[in-house]
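Here is the structure we will look at, set down as structure tokens.
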Amino acid sequence: MLTSIRGIVAATVLAGSAFVATPALAQDEEGPISVSANVAIVSEYRFRGVDLSGGDIAIQGGVDLGHESGFYIGTWASSLDEDTVGYGHTELDLYAGFGGEFGGGASFDIGVIYYVYPNAGNFDSDYWEVYGSVGYAFGPVETTVGVAYAFEQDSLGGDDNLYLYLDLGVGIPDTPVSLSAHIGYTDGFLTFTDDGDAFDWSIGADLALTDNVSVGVAYVDAEGDELPGSYKFTDSAIVGTLSASF
């Protein structure tokens, strides 16, 4: 699901904990169209604080096409734990959007994403979500405020879902290390809780091994009234990430 959107849904140091972000545009910048790709191994897949891989390792990756005007389309996928989550063993996200800069370090991103679970079986699991965010960079610090909204759909039990988040990142000058923090609030069907609302948060660090390869670690947690049952989807976790971009 979008991290870092899934990257818009790319695996980041937050390891899927939750947010929608403009995908990094390609290494190949010749002409008006750019192409980029990303792959990652995460110790577990967390989407907005919720464990979607049953505490197991997940394989993730995606491809983005961007136009110099700011329009982009892309796809991203992750393995799931089909026994725990019930959505099958694969999540596939398809998205399109538009992003750019206001000037003075400010930026924006708007788009739509379609979450697809091709192995979910004979129940309606796929759903749509629209998203938007504004960001501001000052020196090595970047901050983003965003919202994602899934309107009422059969796959959401006839309910809707609202997600609000704040991200903060800082690169330590003259080092390959960057730090990040995230807080989000979910109200609606996608909380995996008993009362329909929940907070999630994370703090993390990332080490760039090369221009294209990085490793990261993050503490991820979520808070809300747990659904009854033996498995706790929102227990806290330390999540490790090994990622590469092309």
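The numbers here are math on the coordinates, done by the rules we state, and not lab data. Note that this is a predicted model, so its numbers are computed, not measured. Cβ placement follows ideal geometry from the backbone for every residue including glycine, while neighbour counts extend to all protein chains displayed.
Before moving on, here are some points about what is shown:
- Interchain or long-range residues, amide H under 5 Å from residue 54's placed H: 81
- Note on region 125-230: Rg/Rh from C-alpha atoms, Kirkwood Rh, equals 1.07.
- Stretched out straight at 0.36 nm per residue, the stretch from residue 149 to residue 221 would grow longer than its current Cα-Cα span by 23.8 nm.
- Dimensionless Rg over Rh [region 129-168; C-alpha; Kirkwood]: 1.21
- When every Cα-Cα distance of region 51-121 is counted in 10 angstrom steps from zero, the calculated P(r) takes the values 19, 37, 25, 16, 3 percent.
- Pairwise FRET efficiency - residue 59 versus residue 183, Cβ, R0 = 35 Å, nearest 0.05: 0.80
- Stokes-Einstein diffusion coefficient of region 42-189, Kirkwood radius over Cα pairs, 4 °C, 1.567 mPa s, in µm²/s: 76 µm²/s
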